[in-house]
Amino acid sequence: MQGNVADVIIVGGGIIGAACADELASHGLRVLVLDCQRPAATAAGMGHLVVLDHSPAELALGEYSVRAWRELAPQLPDDCAMRNNGTLWLACNEEEMAEAERKHLALNAYGLTCELMSGAELAAVEPSLRSGLSGALRVKGDGILYAPNAARWLLQRRPEQVRQQRAEVVEVQGHRVRLKTGEWLHATAVVLANGIYARDLCADLPLQAKKGHLLITDRYPAQITHTLVELGYVTSAHKGNGPSVAFNVQQRPTGQLFVGSSRQFDNHDPEVDAAMLGRMLRRAIEFLPDLGQMNGIRSWTGFRSASPDGQPLVGEHPLQPGLWLAVGHEGLGVTTAPGTARLLAAQLLGLPPPPSLQAHLDAYLPQRFIGAHAHA
Amino acid sequence: MPELIIDGQPLRVAQGTTVAAALMSAGDRCSRTSVSGQRRAPLCGMGICQECRVNVDGLRRLACQTLCRDGMHVETRP
Amino acid sequence: MSRPVDLLIIGAGPAGMAAALAAAPSGINIALLDDNPVPGGQIWRDGPQAQLPGLANDMRAQLARHPNIHLHSACKVVALAGHKRLLLEDPERGWLLSYHKLILCTGARERLLPFPGWTLPGVTGAGGLQALIKGGLSVEGERVVVAGTGPLLLASAATARKNGARIVRVAEQAGPGAVGRFAMGLWQWPNKAIQALTLFSGAYRIAAHVVEALGSDRLEAVRIQMGERVEEVACERLACGFSLVPNVEVAKALGCEVRDQAIVVDNWQASTLTDHYAAGECTGFGGSELALVEGRIAGLVAIDRQDQARALWPQRERWQRFADRLNRAFALDPALKRLAAPDTLVCRCEDVAYASLVEHGTWSAAKLNTRCGMGACQGRICSTAAQTLFGWEPPVLRPPFSPARIATLACLDEAEPAA
């Protein structure tokens, strides 16, 4: 019987794996993070720290996590490019403005600083937007972050506790993993934090790939302050299973505009889909007319991993003791990394969870989908 | 002979001159500032390296593949 | 939306022009694209200080005389937009173009390798300096060092000298054996090259390479290694390049087989993709004579004149043999891979230094961890260098194939949905 290589093995060194490693290490655990260096969601995503409120559990996890990121901000190195620039949820019509108002109430009730803006106020604050928008909801606590560097920083800031190894895991059994080399590694616990690829290791994970496109422009003088997202984003995300696009733009500290977003279900082709890219950019120009004359320099795709109810799976696998899950974050991996890490650590170590998440624990548990008590 | 304006300064050049050639004889003879603040000048001359990206009448263009026109405004620090 | 063209030719250098002129008499609809403002490619680049050979002017005049050849200058291929359909962009607009047959004549670019000081204003490629001079750059009275490898150094030095520069050094990294073989083959080269070699015999050094470019805001001097000795040469310009690398990005994206960074073609200049042909430097370095005959063959095959195409095979064979001899002559000294200091930038777009890259095993890992290759040149400069420095395989490009306006890219919303 092999000895333990660490207290915890984490599969996946993206933002979730990194946050979990750092949190567990802060409690004195020895952690080994295995990453196969395949470009995945953390590398592809927009690094948008955004509180969503499709459910009370989502709101709680997001609010806690974004607050945690803001508290971490002073320690983050410059290359993590964290900015507390806020999100503007844009309403194009009365229906969307009503959604903005509903959201305003919900977030306000939860204690988040947010305010409704009229079309005129919106135009004053973001003059690059086309005229004629109905208004917006401004969520001040949201921000942006360069997640790959944040992950890297989290992984290397407790070197006595956190070890990293470049390796591909091909099999998991409870608290042990097998590498592509054939070697088995043991620990007290194994955590799957490798997004959509967790399905390859654990067939009963109800994760669905949602392909997204992104494009980045050349550098331009600063013109956009907030992350701009259309409220149609929310409605399109829940409007059936057809491919869809929604306006989502931020200006990076480099001056580059980061343009998204698109959704395609059950599509595993990493190639850029020209038609989807075109649709996404057409939508973006509708909101930012001057964008048309700026140069795009690079496009790429990424795969969000979505669970059936849109909430991540955080907790022990009900059928494999010793195997823990931190997957299914869809587009909120970066946002909810701190909260995910605290939830996982609390469960693993038998500690009390963050108070604001206490009421929602069941919403994240894997057993809601897996095992005898699954209700999906 | 077209006269163009580079970073606010007029310059007269021979017909058929590229913007890259023009800006290499004007001002600090550079086309852009790198992400770490270094001034850069055209390098490959054939539209590959992107060091000669400038603003030409408001649009981002490659200077080595753009011919000077009378009244053209070129900015190397947009 | 334009009507489909019968024949689309990408690149209007010698190969592309020859292809267009070979196909034109059939009367088919031909679109000839080039990303430069005027046709001619690199070797026949026009400009206020260019001196075009008679043949180049003849061919350009002939192009204009065929009403079925539509020349699109300052036009580049931005993306694939479905089966036999491309997204194009010129300074005015972006648009989709469908074609029945395609001939890739995308030429080659210079290989630029990093060394301390290579980002200083005053440093250019060797072909780069030649192109800039042709485009009107004044080098009157300037001291110029030309360095790197290959016959292009002599051509570049000749152009600079003709325009008033003082060539203070030509540093060829290849050793005496290699250069001797090249010199033996010189009789087959255009006269200019022989003249150039004799003109510069005082300044010409072999087994010599630049180790550092010096200066604060601009280039002021270079240090050149020759054997054990290092000489410091004051100069205003350094023109440094290490041979040519075919431009195969569009070919790769289309799915044509590419081997050793050159498009694979058969005797008919046909690529591995039906109805797609390639000719000229993008199929491997060979010079303008080879490009002309390859282009002509491709154009004839595209209009089903196989017999006329086959008649050109002996001519192509002759120029191919000559090209092969040249290619073997200029292998790179391994020392060139070690010139970069830890803080020497390798990715010039994102300012990523050598030290940040060297720990990674693949291009993909390097990009993932450093942003190398994520800038505007999309890795064309740095991934080509990385292939020499580390043996890393360059990536396949995603759209846009070069920076393009968002309004142009939005036209892709009319592309065929992916299968």
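Summary of computed values
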item: Fraction of alpha-carbon pairs over 19 Å apart in segment A:117-229 - percent; result: 69
item: Descending semi-axes in whole angstrom, ellipsoid equivalent of segment A:181-235, from the Cα gyration tensor; result: 38, 18, 12
item: Extent along principal axes [Cα atoms of chain A; Å; largest to smallest]; result: 69, 42, 40
item: For segment A:14-53, fraction of C-alpha pairs farther apart than 17 Å, in %; result: 46
item: Chain C - Rg over Rh from alpha carbon coordinates, Kirkwood radius; result: 0.96
item: Choice from A:ASN194, A:ASN108, A:ASN84 showing the highest fluctuation, given a GNM over chain A with Cα pairs closer than 10 Å; result: A:ASN108
item: Charge dipole (the protein assembly as shown, unit charges on Cβ, about Cα centre) - positive-most of C:VAL264, C:TRP319, A:TRP300; result: C:TRP319
item: Cleavage-rule hits, trypsin sites (Lys or Arg not before Pro), chain B, DSSP coil, Cβ neighbours within 10 Å at most 14; result: B:ARG69
item: Lone cysteines, chain C (no partner Cβ under 4.7 Å); result: C:CYS75, C:CYS105, C:CYS235, C:CYS240, C:CYS256, C:CYS282, C:CYS349, C:CYS377, C:CYS411
item: Two-site label geometry, C:GLN306 and C:GLU140: point separation in nm, points 7 Å out along Cα→Cβ; result: 5.8
item: Positive dipole terminus of the protein assembly as shown, leading residue within C:LEU409, A:GLY119, C:THR362 (C-beta point charges); result: C:THR362
item: Global size of segment A:254-361 as Cα Rg and Dmax, reported in angstrom; result: 19.0, 56
item: Cα-Cα over 32 Å, subset of A:LYS210/C:LYS84; A:LYS103/A:LYS211; A:LYS211/C:LYS337; C:LYS162/C:LYS367; C:LYS84/C:LYS337; result: A:LYS211/C:LYS337; C:LYS162/C:LYS367; C:LYS84/C:LYS337
item: Of the DSSP H helices in chain C, those whose Cα atoms cover at least 18 Å axially and whose Kyte score averages -1.0 or more; result: C:287-302
item: Space enclosed by the convex hull of the alpha-carbon atoms of segment B:3-75, per residue, Å³; result: 79
item: Nearest-20 debye value, segment C:340-414 charge dipole, Cβ charges on Lys, Arg, Asp, Glu; result: 100
item: Principal axes of segment A:326-372: Cα extent on each, largest first, Å; result: 27, 26, 18
item: Size of electric dipole in chain B: Cβ of Lys, Arg +1 and of Asp, Glu -1, about Cα centre, debye, nearest 20; result: 220
item: Kirkwood Rh and Cα Rg combined as Rg/Rh, segment C:68-117; result: 1.13
item: Largest-first principal axis extents, alpha carbons of the protein assembly as shown, Å; result: 85, 62, 57
item: Rounded Å value of the spacing that divides the Cα centres of segment C:282-333 and segment B:34-78; result: 35
item: Averaged over C:374-384, number of beta-carbon atoms from partner chains that fall within 10 Å; result: 5
item: Distance histogram in 10 Å bins (all Cα pairs of segment C:283-351, percent per bin); result: 18, 29, 19, 18, 14, 3
item: Segment A:309-347-segment C:1-67 distance, computed between alpha-carbon centres (Å); result: 60
item: FRET efficiency for C:HIS70 and B:ARG12, using Cβ-Cβ distance with R0 set to 35 Å, rounded to 0.05; result: 0.55
item: Residues whose placed amide H lies under 5 Å from that of A:LEU313, excluding near-sequence neighbours; result: A:VAL327, A:GLY328
item: Whole-Å semi-axes of segment C:228-374's equivalent ellipsoid (Cα gyration tensor); result: 38, 22, 12
item: 10 Å Cβ neighbours from other chains, averaged over peptide C:42-50; result: 3
item: Electrostatic dipole magnitude of chain C [Cβ: Lys, Arg +1; Asp, Glu -1; Cα centre; debye, to 20]; result: 700
item: Peptide B:61-74, shielding by other chains (average Cβ, 10 Å cutoff); result: 3
item: Computed P(r) (all Cα pairs; segment C:197-241; 10 Å bins; percent); result: 26, 53, 21, 1
item: At q = 0.18, 0.19, 0.20 Å⁻¹, base-10 log of I(q)/I(0) for segment A:56-163 (Debye sum, equal scatterers on each alpha carbon); result: -0.94, -0.99, -1.04
item: Tail beyond 23 Å, pair distance distribution of segment C:1-109 (Cα, percent); result: 23
item: R0 of 25 Å, Cβ-Cβ distance A:LEU179-A:GLN156: FRET efficiency to nearest 0.05; result: 0.70
item: Once the Cα gyration tensor of segment C:340-414 is diagonalised, semi-axes √(5λ) in Å; result: 27, 12, 10
item: Inter-site label distance for A:ASN84 and C:ASN29 at 7 Å from Cα along Cβ, in nm; result: 6.0
item: Positive dipole terminus of the protein assembly as shown, leading residue within B:VAL13, A:ILE370, C:LEU33 (C-beta point charges); result: B:VAL13
item: C-alpha long axis of helix A:274-287 to longest principal axis of chain A, angle in °; result: 50
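Laboratory data are not the source of any read-out in this text; all were calculated from the coordinates shown. On a predicted model such as this, the values are computed, not experimentally measured, just so you know. Note that we place each Cβ from the backbone using ideal geometry, even for glycine, and neighbour counts take in every protein chain shown.
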